[in-house]
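Q: Before we start, here is the structure in question, set down as structure tokens.
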Amino acid sequence: MSEKEKQKLKPGVCIPWEQKKKELPQISGDEELIKKVWEDIDALGYLYIWQCLLSF
Amino acid sequence: MAKDMEKLYAERLKRYVTAMRNEKPDRIPIRPFVAEFTAKYAGYTCQEVTHDFEKAFAAARKCAADFDWDAVVANMVYVWTGLTQAIGMKYYAVPGIDVPPNTGFQYLEPPEEKAFMKPDEYDQLTEDPTGYLFNVWLPRVSAEVTATGEPSTYRNNLSFVKGGMAMLSYFNAFGKQNELLRSECGTVSAISGILKAPFDILADKLRGYIGLTIDLFERPDKVLAACEALMPHLTHVALSGADPDKNVPVGLWMHRGCVPFVSREHFDKFYWPTLKPIIEEIWSHGHQVLFYAEGDWNAHLKSFAELPDQSIVYHVDMADIFEAHKAIGHKFCLSGGIPNFLLAYGTEEEVRDHCKKVIDGVARDGGYIMDASAIIQNDAKVENVKAMTEFTREYGVY
């Protein structure tokens, strides 16, 4: 990830969908569905590290 | 029975929320933050409740059922060592392993030269806090996680799977625990969500207290930038765990950002400006924050008074609660002020006398919740906690 991309990382995000999408072949069907699931699970990864820091 | 319990729950919730909004309920709510005390009462060791969260949950429910408490934290022995051992966290002394089985878990702050964050890593943290935590901090605090760039190991891979699944199962279990507190005990789960000030995060988990206080002089701009970078993330995590019904507050654990740990100027420049906007943001979403002000934060009451009315519940530990009430009692509900040493070493009469003094001094107009000054551990005498409870029930009626 470039430095510029890192600085754009919002709370709740580990690997932005925009970056992941570049790694995938051409998406057909419902892209929003794939994006939503990616982001939902990515948020769990985010939660893991921040809860390690805060709660444990 | 179920209908009676639901009625009791509704009464207690109304009482607790009314007080937290700095109004006058039917009587003073009782909301003790009981940790290893629950183990003592329920007949478990500290090791049992720290390593087996189901026992910790059961102990909390037994206390809630037997004592007439309006609210209780679902598990105040919150560091489940099953999880911290899976991840291999180095900064805990675990009952039965590092300390005796009946001593509560301890945080271990490393010496300054072994701080988990090095003094020249502020820019890394500021540019990408999440990446820094995963790539640099976690490998340092974990005995299992390998550093980025080093060959991955079986133990490294396992620690993520085990840690992640353990965390999910633990957090999910709180849903059932809260339901059982309600249905079996008629007791409210006292808080929801977690917050710490950016400054306290740096001190507690990253630079250490000594390292950070040196940084305040040697690299203050870096410290401020790091605090500011942490703000949106801490806000996000707090809101993600906040009560969807907006009844109970987010818990803010306040540690070493006050005088005399730091100077007043440092509080004014670093601690408060990077915490206040978080509180205001959380309040704008309709959630109160419980300022669990450990130690004595009375030097900063004027700053806290800048916050919107009712936006916080202010908990008093070692500070003068009467002074706090004078300064901010018109804006915020207060809790606490019953010294833990009294609960551990005093007589029942002394406990009752002190409760009366606090109630007379700060609770007459509502906006007060009965609790000990600090988290109640297994040194508190059962009869004294009963005395605190029973006296408040009798004397604390409006």
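Q: Do we have B:L133 as closer than 30 Å to B:A35 by Cα and within 11 Å of another protein chain (Cβ to nearest Cβ) here?
A: On the way: closer than 30 Å to B:A35 by Cα: yes; within 11 Å of another protein chain (Cβ to nearest Cβ): yes.
Answer is yes for this residue.
Q: Applying the selection to the stretch B:294-332, what residues are assigned to a loop (DSSP other than H, G, I, E, B) and within 15 Å of B:G366 (Cα to Cα)?
A: B:D309, B:Q310, B:G329, B:H330, B:K331, B:F332
Q: Confirm whether B:A242 is crowded, with 17+ Cβ neighbours inside 10 Å and within 17 Å of B:D123 (Cβ to Cβ).
A: Here the answer is no, as B:A242 does not meet what is asked.
Q: Need at least 2 residues that are more than 21 Å from the chain's Cα centre (by Cα) per element, so show me which helices (runs of 4 or more DSSP H) inside the stretch B:122-227 make the cut, counting only ones lying wholly within it.
A: Correct list: B:122-127, B:129-132, B:138-141, B:154-185, B:208-218.
Q: Hey, any hits in the stretch B:258-266 for a residue that's surrounded by fewer than 23 Cβ atoms within 10 Å (Cβ to Cβ) and touching a Pro at 6+ places or on another chain (Cβ under 9 Å)?
A: Yes.
Q: Name the single residue that is farthest from B:V237 (Cα to Cα) among those in the stretch B:91-141 being small (G, A, S) and crowded, with 20+ Cβ neighbours inside 10 Å.
A: Of the residues in the stretch B:91-141, the ones small (G, A, S) are B:93, B:96, B:104, B:115, B:131.
Still in the running and crowded, with 20+ Cβ neighbours inside 10 Å: B:104, B:115.
Numbers: B:G104: 27, B:A115: 24 Å.
Among residues in the stretch B:91-141 that are small (G, A, S) and crowded, with 20+ Cβ neighbours inside 10 Å, the one farthest from B:V237 (Cα to Cα) is B:G104.
Q: Does B:L230 meet the test of being within 30 Å of B:R12 (Cα to Cα) and not in a loop (DSSP other than H, G, I, E, B)?
A: no
Q: Looking only at residues that are touching an Asp or Glu at 6+ places or on another chain (Cβ under 7 Å) and either surrounded by fewer than 20 Cβ atoms within 10 Å (Cβ to Cβ) or in a helix (DSSP H, G or I) (or both) in the stretch B:51-90, which one is farthest from the other protein chains (Cβ to nearest Cβ)?
A: Filtering the stretch B:51-90 for residues that are touching an Asp or Glu at 6+ places or on another chain (Cβ under 7 Å) and either surrounded by fewer than 20 Cβ atoms within 10 Å (Cβ to Cβ) or in a helix (DSSP H, G or I) (or both), the one farthest from the other protein chains (Cβ to nearest Cβ) comes out as B:A65.
Q: Further question on the same structure: Got a sec? Which of B:A173, B:A190 is in contact (Cβ under 8 Å) with a residue 40 or more places away in the chain, surrounded by fewer than 21 Cβ atoms within 10 Å (Cβ to Cβ) and out of contact with any Cys (no Cβ under 6 Å at 6 or more places or on another chain)? Reasoning before the result, please.
A: Details: B:A190 fails: surrounded by fewer than 21 Cβ atoms within 10 Å (Cβ to Cβ).
When all the criteria are applied, what remains is B:A173.
Q: Could I ask something else about it? Output yes when any residue across the stretch B:69-85 is touching a residue at least 40 places away in the same chain (Cβ under 8 Å), of a type in the set (D, E) and over 30 Å from B:P25 (Cβ atoms), and no when none is.
A: The answer is no; no qualifying residue exists.
Q: On the basis of being modelled with pLDDT of 95 or more and within 14 Å of chain A (Cβ to nearest Cβ), does B:D128 make the cut?
A: Here the answer is yes, as B:D128 does meet what is asked.
Q: Let me ask something else about it. Please work out if B:A324 is modelled with pLDDT of 95 or more and under 25 Å from B:A42 (Cα atoms).
A: Spelling it out, it is not the case that B:A324 is modelled with pLDDT of 95 or more and under 25 Å from B:A42 (Cα atoms).
Q: Could you list, in sequence order, the residues of the stretch A:9-36 that are touching a His at 6+ places or on another chain (Cβ under 9 Å) and exposed (fewer than 14 other Cβ atoms within 10 Å of the Cβ)?
A: Of everything in the stretch A:9-36, just one residue is touching a His at 6+ places or on another chain (Cβ under 9 Å) and exposed (fewer than 14 other Cβ atoms within 10 Å of the Cβ), namely A:K10.
Q: In the stretch B:28-40, how many residues are in contact with a strand residue (DSSP E or B) (Cβ under 8 Å, 6 or more places away or on another chain) and either surrounded by fewer than 20 Cβ atoms within 10 Å (Cβ to Cβ) or of a type in the set (V, I, T) (or both)?
A: Matching residues across the stretch B:28-40 total 3.
Q: Report whether or not B:L108 is touching a strand residue (DSSP E or B) at 6+ places or on another chain (Cβ under 9 Å) and either closer than 20 Å to B:E54 by Cα or away from every other protein chain (no Cβ under 14 Å) (or both).
A: Criteria not met by B:L108.
Q: Looking at the stretch A:9-56, which of its residues are more than 7 Å from every other protein chain (Cβ to nearest Cβ), over 12 Å from the mean Cα position of the chain (by Cα) and not in a helix (DSSP H, G or I)?
A: Across the stretch A:9-56, the qualifying residues are A:L24, A:P25, A:Q26, A:I27, A:S28, A:G29, A:D30.
Q: Evaluate the following for B:A238: is it at pLDDT 95 or above, over 22 Å from the mean Cα position of the chain (by Cα), part of a helix (DSSP H, G or I) and within 14 Å of another protein chain (Cβ to nearest Cβ)?
A: Criteria not met by B:A238.
The values are calculated or read from the model by the stated rules, or taken from the named source; none is laboratory data. Remember, predicted model here, so these are calculated numbers, not experimental data. FYI the Cβ positions are ideal-geometry reconstructions off the backbone, even for glycines, and counts take in every protein chain you see.
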